[in-house]
Amino acid sequence: MNNLSMQKENSIGVFDSGVGGVSVLKEISKVLPNENIIYYGDSLHAPYGEKSKEEVFKLVCDVVDYLFSRDVKAIVIACNTATSVAVSSLREMYPEFSIIGMEPAIKKAISTDKI
């Protein structure tokens, strides 16, 4: 069962390494106006881009653990650095949950044949 089909009461967790993810939160709220959302902005440890991959992975895991303790049914990683470092591993670690990451636009642009 996909966790997005779980009870409406379960929240969607959204996090970023600061406040930049608020724009993602705003769009999710527009598209899914009846969903409960928990936003976690890790401004204490921002910016993630200046940290080692190991440190970012640990920070992301700590936030994910917190969000899971709040019974979220899905997690949106609204941070490019956290996505690139952790999303694949998190999907392997938690296959029963929907974990959505932000894909950096430059990666998409570079991977096309039109450049």
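Observations, loosely collected:
- Residues in the stretch 6-52 that are hydroxyl-bearing (Ser, Thr, Tyr) and part of a strand (DSSP E or B): Tyr39, Tyr40.
- Glu54 meets each of the listed conditions (1) open to solvent by less than 70 Å² (accessible area, probe 1.4 Å); (2) modelled with pLDDT of 95 or more apart from (1).
- Evaluation of Ala46 against (1) at pLDDT below 95; (2) open to solvent by 50 Å² or more (accessible area, probe 1.4 Å) (one fails), failing number: (2)
- The C-beta contact set for the stretch 24-46 (first residue in contact (Cβ under 8 Å) with a residue 12 or more places away in the chain, second residue assigned to a strand (DSSP E or B) and open to solvent by 50 Å² or more (accessible area, probe 1.4 Å), distance under 6 angstrom, 6+ apart or interchain) comprises Leu25/Tyr39.
- Among the residues of the stretch 68-82, those that are closer than 19 Å to Ser23 by Cα and open to solvent by less than 60 Å² (accessible area, probe 1.4 Å) comprise Ala74, Ile75, Val76, Ile77, Ala78, Cys79, Thr81, Ala82.
- Positions within the stretch 57-81 being within 10 Å of the chain's Cα centre (by Cα), assigned to a helix (DSSP H, G or I) and at pLDDT below 95, in sequence order: Asn80
The values are calculated or read from the model by the stated rules, or taken from the named source; none is laboratory data. Source: prediction; values computed, not measured. Reconstructed Cβ throughout: ideal geometry from the backbone, glycine too, with neighbour counts over all protein chains shown. Protein only, heavy atoms only, side chains kept; ligands, DNA and RNA dropped before computing areas. Shrake-Rupley method; radii C 1.70, N 1.55, O 1.52, S 1.80 Å.
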